[in-house]
Amino acid sequence: MADYKNCIECKSQLFDDDISIYRKLVNRGADEFLCIDCLALKFGCDREKIERLIQYYRESGNCTLFR
């Protein structure tokens, strides 16, 4: 069952940015998600890199996930 409220790894509360960046980087049709911290661990980077990507996509205006 889809859980749009909690991270599938650490069970923390998800926000719109968590869901959007997961869909952008992992699977556009996903119905389960990782929070930004767990996503950063999965990709082997720090949280700030993911946050910079979110800011980039939001400012570019080209991605409908971040409008």
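Quick notes on this one:
- In summary, helices (runs of 4 or more DSSP H) completely within the chain and bearing 3 or more residues that are among the charged types (D, E, K, R), over 10 Å from the mean Cα position of the chain (by Cα) and modelled with pLDDT of 95 or more occur at 47-60.
Results for (1) in contact with a Phe, Trp or Tyr (Cβ under 7 Å, 6 or more places away or on another chain); (2) open to solvent by less than 60 Å² (accessible area, probe 1.4 Å); (3) within 19 Å of Lys5 (Cα to Cα); (4) in contact (Cβ under 8 Å) with a residue 60 or more places away in the chain, shown as yes or no for each residue.
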position	(1), (2), (3), (4)
Asp31	no, no, yes, no
Cys35	no, yes, yes, no
Gly44	no, no, no, no
Arg52	no, no, no, no
Glu59	no, no, no, no
Thr64	no, no, no, no
Arg67	no, no, no, no
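- Annotation note: Cβ proximity below 7 Å between a residue of region 5-27 that is surrounded by 13 or more Cβ atoms within 10 Å (Cβ to Cβ) and a residue that is modelled with pLDDT under 95 and basic (Lys, Arg) (sequence gap 6+ or interchain) occurs for Leu14/Lys5.
The values are calculated or read from the model by the stated rules, or taken from the named source; none is laboratory data. It should be emphasised that the depicted structure is a prediction, and the values quoted were computed from it without experimental measurement. Virtual Cβ from ideal backbone geometry, glycine too; neighbours counted across all protein chains shown. Remember, those area values only see protein heavy atoms, side chains included, never the ligands or the DNA or RNA. Shrake-Rupley method; radii C 1.70, N 1.55, O 1.52, S 1.80 Å.
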